[in-house]
Structures are given as C-alpha cells and as structure tokens.
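Accompanying notes for the structure given below.
Any read-out appearing in this document is the output of simple, stated calculations on the displayed coordinates, not a laboratory observation. Values in this document were obtained by computation on a predicted structure and should not be read as measured data. As a convention, Cβ positions derive from the backbone with ideal geometry for all residues, glycine included, and neighbour counts pool all protein chains shown.
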Amino acid sequence: MALNKSGLEGSIKALLKEEKEKTDNASSIDNLAAKLATAIEAFVKSGTVTTTVTTTGSASAQTGTGTGSIS
C-alpha cells in the first residue's frame, strides 16, 4: 500500500480544527503534539517497504545486505 498523504492531511486538519476551539493553550499544545505524532506514525506505517536482498554463503550460513524504498 502506498503512503496515504491525503489521510495524513485530513488527520492534521481535523486535529487543528479541534484544538482551535480550545481556550487552555498549555493543554492544547500537549494535545496537538500527541495527536500530530499519532497521525505521523499512522502515515509512516501505512507505507509499503520493498527490499531486494543479496546474499552469499552456503544454504545454512547466509550473510547479505538489502536495499529498498518505502512507497
């Protein structure tokens, strides 16, 4: 699954709208930080990691490295 940028944008907009209505600034900053961190975590976890691994060795003793990307 590709990274869900529109979902992240929607989450950020929703939490900003919710916090905009609050009057306790200290609490609002803490809530905003926590909700933003949760939205970013969900965004990062929504991606797919594709990796190619190259190995050397025998059937019972493998070593290798991998390179890839997240989409």
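Quick look at the values:
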quantity: With Cα atoms, 0 to 90° folded angle of helix 5-20 axis to the chain main axis; calculated: 30 degrees
quantity: Top of S28, S60, S46 by mean-square fluctuation, Gaussian network on the chain, Cα under 10 Å; calculated: S60
quantity: Most mobile listed residue (K45, K17, K35) in the chain, GNM with C-alpha springs under 10 Å; calculated: K17
quantity: Rg(Cα) / (2.2 N^0.38 Å) computed for the range 5-70, rounded to two decimals; calculated: 1.89
quantity: Options G64, A33, T23, ranked by Cα towards positive dipole end of the chain, top entry (Cβ charges); calculated: G64
quantity: Angle in degrees between helix 25-45 and the longest Cα principal axis of the chain, rounded to the nearest 10; calculated: 30 degrees
quantity: Relative exposure of T38, T67, judged by other C-beta atoms within 10 Å (fewest first); calculated: T67, T38
